[in-house]
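Trainee: One structure coming up, written as structure tokens, with questions to follow.
No lab work stands behind these numbers, since they all come straight from the coordinates. Computed from a predicted model, the values in this text were never measured in an experiment. Please note: Cβ atoms are built from the backbone with ideal geometry, for glycine as well, and neighbour counts cover all protein chains shown.
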Amino acid sequence: MRAIKRISDALARRPDLILWLIAAYYVLAIGFRVLRSEALESDEAEQLYQSQFFLMGYGRQPPLYNWLQYGVIQLIGPSIFAISLVKNLLLFFCCVLYGFAARLVLKDQRLTAIAMLGVIAMPAVSILAQRDLTHAVATLFAVALFFYAFLRTLTRPSLGNYLLTGLAVGVGLIAKYNFVVVPIAAVLAILPEPDLRKRIFDWRFIPALVVAAVICLPHGLWVVGNFAEATAGTIKVMREDATGNAISDRLTGLGTLLISLLGGTLPILAFFLIAFRRPLLSTWRATSPWTRVTGRTILLSLITVGLIGLGLGATTISEKWLSPFLLLLPLYLCLKLDAAGADTTDAIPRMFLPVAALALGFIAYISLGNVIGPRFGQYTKENFPSGPFIREVLAEQPGTKPAYVIADDSSLAASARLELPDARVLLPSFEQTPPLDEAEKTLPGLVIWRAVQGSGEIPAYLKAYIAGQGGVPENLSPATLAVPYLFSNGRDSVLFGYAWVGGASLDSTSFRRN
């Protein structure tokens, strides 16, 4: 209790300590992720696999996050640490830029610290992102960068700030496609404000657009040539529960939008109520140009998402898709409190402790869950034993390292990247995977897949893929291996299949498990 009292007193005296505490939280988040499991979540596995390539487009997602991940892995190699580092650095810089933006428009600088705590209070940041988000994390960073640049341009118009805003828009557009809603909503939001509206009709707006266009051009050209690949996956996910009834599907979509909106906003409101109590409830009539601009931006963004959902016939609009727009909610609440002149003397420690309990509690929860869940027969992706499986297969052929690995899913492909960082890893489901060249086909290789009990045969689609690489899959000798789930103490196992490919050609000598 004394330690908590000291922290509370220190925060009341020095609000700037919040930034250091947030930095410490993200260092802990990286450490917990490295320690909790060698297995990967879906988005993590996808990133680790795709980090082999520097491409202008990666299927249905823009390339910003992939490029950042590619750069870090080129520097330090493929690892869980590299995967966690990129995500948590982006989240930290999101908080930093958010604080910079808040400082531009808030008179009470204690509210700047409250705004940053409000970011951590978002379920998308403290829960969803720590479990498994990638491109959505890049979007949160891009929104924070954009709003900082946007507010700088409105408060301190200069060519440099206009160009910074253009840079932020360009970065956001290659982070995630739904980012485009934010700058459009922000521009519309300042139209009713005479003093701010003139910033749109400034000649410096044009070079800002040019900067954004130059940043987007390489990926934009890729989208033009691969439009179906860039859009079909997202539309499919949004319509995955479609019944074919246009009215019913759209009503379902609006229902999920409302549920996601409540799920994203209620926790933030709850933490602000803990910190401010009655003063928060009395601020709703307080207004300023900045409350109006921020509030309109949020509202217009959500309306746009709803209209897009209706237009596409979406049945699912998830909370993570709303997170870029709800990111502005803590700032909006702080602007309301600032306009009302609310007393913030004790607000920081009152908000810090429950937010810290949520953020730290969740990373501890998912770490303990990996260990406790298997005792009750509950397994997650982080219990999947693809790493131990690959190590056992390699141990059967001491001194033999495959030059390439063909894997049937992203989890196995990512584990192959971790266990064999010098090997080429091929994933049939990722159509942009470069094929093996003639020299690689003469080297030893390994085919791995999730096997079905009672059948050790190579799956048909893997056979087709091997044949497409110039091999004869019928000449391979498949084998199976049962490997216990991570942290299960051998109680339950996963059955894997594998086949070695010899060095003379894809269809030459194979190794069979003894």
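Trainee: Angle between the Cα long axis of helix 110-121 and the longest principal axis of the chain, 0 to 90 degrees, nearest 10?
Mentor: In the chain, helix 110-121 runs at an angle near 30 degrees to the longest axis.
Trainee: Identify all aspartates and glutamates with a Cα-Cα distance to LYS463 below 13 Å; exclude those on the same chain that are fewer than 8 residues away in sequence.
Mentor: Result set, ordered by chain and number: ASP408, GLU474, ASP507.
Trainee: When the dipole is taken about the Cα centre of the chain, and only Lys, Arg (+1) and Asp, Glu (-1) are charged at their Cβ, what size is it in debye, to the nearest 20?
Mentor: Working: 43 positive and 35 negative charges, 450 e Å.
Around 2160 debye, computed over the chain.
Trainee: From the residues ALA23, SER455, SER367, which one has its Cα farthest along the dipole of the chain in the positive direction, the dipole being from +1 and -1 charges on Cβ of Lys/Arg and Asp/Glu about the Cα centre?
Mentor: Farthest towards the positive end: ALA23.
Trainee: On C-alpha positions alone, give me the angle between the axis of helix 410-419 and the longest principal axis of the chain, in degrees, nearest 10.
Mentor: Helix 410-419 and the main axis of the chain meet at about 80 degrees.
Trainee: Add +1 for every Lys or Arg and -1 for every Asp or Glu among the other residues with Cβ under 15 Å from the Cβ of GLY31, and state the total. Display every interim value, and only then the final one.
Mentor: Details: positive: ARG33, ARG36, LYS87; negative: GLU38.
Around GLY31, the surrounding residues sum to +2.
Trainee: What range in the chain is the longest one free of GluC sites (Glu not before Pro) that are in a loop by DSSP and have at most 10 other Cβ atoms within 10 angstrom?
Mentor: My reading of the result: 1-239 is the longest stretch.
Trainee: Same structure again: Run lengths n ≥ 4 of DSSP H only: what is the helix-derived mean residue ellipticity at 222 nm for the chain, with -39500 (n - 2.57) per run over all residues, to the nearest 500?
Mentor: On the way: 23 runs with 318 residues, N = 514.
About -20000 deg cm²/dmol.
Trainee: How high is the relative contact order of region 384-501? Use alpha-carbon pairs under 8 Å, at least six apart in sequence, and give a whole percent.
Mentor: Computed over region 384-501, the figure is 27 percent.
Trainee: Out of residues 5 or more away from ARG450 or on other chains, whose amide H comes under 5 Å of its own, with H placed 1.01 Å from N in the peptide plane?
Mentor: Here ASP408, GLY497 satisfy the definition.
Trainee: Normalised by the number of residues in the chain, what is the relative contact order in percent for Cα pairs under 8 Å and 6+ residues apart? Walk me through the numbers before you get to the answer.
Mentor: Working: 794 pairs, mean separation 89.0, N = 514.
Value for the chain: 17 percent.
Trainee: Per residue, how big is the convex hull of region 357-416 when only Cα atoms are used? Give it in Å³. Working shown, then result.
Mentor: On the way: hull volume 7.6 nm³, N = 60.
In region 357-416, the Cα hull volume divided by residue count equals 127 Å³.
Trainee: Percent antiparallel among DSSP beta bridges with both residues in the chain, to the nearest 5?
Mentor: On the way: 14 of 21 bridges.
The antiparallel proportion sits near 65 percent.
Trainee: Now for a different question. For the pair LEU266/ALA395, report the inter-label distance in nm, with labels modelled 7 Å from Cα in the Cβ direction.
Mentor: 4.9
Trainee: Cα atoms only, region 384-501: Rg and Dmax in Å?
Mentor: Just the Cα atoms of region 384-501 yield Rg and Dmax of 13.7, 44 Å.
Trainee: Restricting attention to region 33-125, which chymotrypsin sites (Phe, Trp or Tyr not before Pro) occupy a DSSP loop and are surrounded by at most 16 other Cβ atoms within 10 Å?
Mentor: Of the chymotrypsin sites (Phe, Trp or Tyr not before Pro), the ones in loops of region 33-125 whose Cβ has at most 16 other Cβ atoms within 10 Å are PHE53, PHE54.
Trainee: May I ask you to list the trypsin sites (Lys or Arg not before Pro) in region 30-134 that are in a DSSP loop and have at most 14 other Cβ atoms within 10 Å of their Cβ?
Mentor: In loop regions of region 30-134 (DSSP not H, G, I, E or B), the sparsely surrounded trypsin sites (Lys or Arg not before Pro) are LYS107.
Trainee: Sticking with this structure for a sec: Less than 13 Å Cβ to Cβ from ALA208, Lys/Arg counted +1 and Asp/Glu -1: what total charge do the surrounding residues give?
Mentor: Within the 13 Å Cβ shell, the charges total +2.
Trainee: If each Cα of the chain is one equal point scatterer, what is log10 of I(q)/I(0) from the Debye formula at q = 0.07, 0.08, 0.10, 0.13 Å⁻¹?
Mentor: Evaluating at q = 0.07, 0.08, 0.10, 0.13 Å⁻¹ gives log10 I(q)/I(0) of -0.45, -0.58, -0.87, -1.29.
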